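Here the structure comes first, spelled out in structure tokens, and everything after it is commentary.
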Amino acid sequence: MALAFSVETLLGGKQVLPARPRTALQWVSVIRQGIPSAAVDSLAKTLHVTQAELAAALGIPERTLARRKKEGQFNSEESAKLVRLARVAERAREVFEDMDAALDWLKSPNAALSGMTPLSLLDTDIGAESVLDTLGRIEHGVFA
């Protein structure tokens, strides 16, 4: 594997994040402080999605995304959504052992998710949990 991805890397790494969170509780602190808006560009580039697709996946209106980019920082709720999306993308990469395969899976309709694309479910906690559950089943050979 040429490049190892992580949630931190997906969000822009040390060039974007003010701290290098290593534990869940450190991520809580980063989320509460707000993630810099440059994380959106990094996430969109890595996931090969448009700003509109990213806005839909995050459940954040496009105009709000544009405004936050100008302001330079997301609030804690929006930051949590960014981290949730990055965590699911990283988990998909772990399961498929390849970021391109993970992205294909995230963007393809899935019978286990009632025909919806995993990416379209990440705007809610329950949708993200369903996607993570499905990834766990794939990892254990239930949906091979």
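Please treat every number below as a calculation from the coordinates, not as lab data. As the structure is a computational prediction, the values presented were derived from the model and not from experiment. We place every Cβ from the backbone using ideal geometry, glycine too, and count neighbours over all the protein chains shown.
Over the stretch 61-144, what is the relative contact order in percent, taking alpha-carbon pairs closer than 8 angstrom and at least six residues apart?
Once divided by the residue count of the stretch 61-144, the mean separation gives 21 percent.
In nm, to one decimal, how far is the modelled label at residue 48 from the one at residue 76, with both set 7 Å along Cα→Cβ?
The answer from the label model is 3.7 nm.
Restricting to DSSP H runs of at least four residues, report the calculated mean residue ellipticity at 222 nm for the chain, -39500 (n - 2.57) per run over all residues, nearest 500 deg cm²/dmol.
Taken over the chain, the calculation gives -18000 deg cm²/dmol.
Quick check: convex hull of the Cα atoms in the stretch 64-144, volume per residue, rounded to a whole Å³?
99 Å³
Taking 0.36 nm per residue of sequence separation and subtracting the Cα-Cα distance, how much length would be gained by fully extending the chain between residue 64 and residue 111, in nm to one decimal?
13.7 nm
Near the amide H of residue 73, under 5 Å away, which other amide H atoms are found, from residues 5 or more places off or on another chain, if H is placed in the peptide plane?
The list, which skips near neighbours in sequence, is 37.
For the stretch 1-58, what does the alpha-carbon gyration tensor say about shape, rounded, prolate or oblate, given a ≥ b ≥ c as the root eigenvalues, a/c under 1.5 as rounded, and a/b over b/c as prolate?
Oblate is the answer for the stretch 1-58, as a/c is 1.5 or above yet b/c matches or exceeds a/b.
What is the list of residues in the stretch 63-89 whose amide nitrogen lies under 18 Å from a point 7 angstrom out from the Cα of residue 19, following Cα to Cβ?
Inside the label zone: 73-84.
Taking only the alpha-carbon positions of the stretch 1-124 and ignoring solvent, what does the Debye formula give for the base-10 log of I(q)/I(0) at q = 0.14, 0.16, 0.19 Å⁻¹?
Listed by q, the Debye log ratios stand at -0.57, -0.74, -1.04.
Sort 27, 105 so that the residue with the fewest other Cβ atoms within 10 Å of its own Cβ comes first and the one with the most comes last.
Lowest count first: 27, 105.
5 Å is the cut-off here: which amide hydrogens, built 1.01 Å from N in the peptide plane, fall below it relative to residue 116, excluding neighbours closer than 5 in sequence?
110
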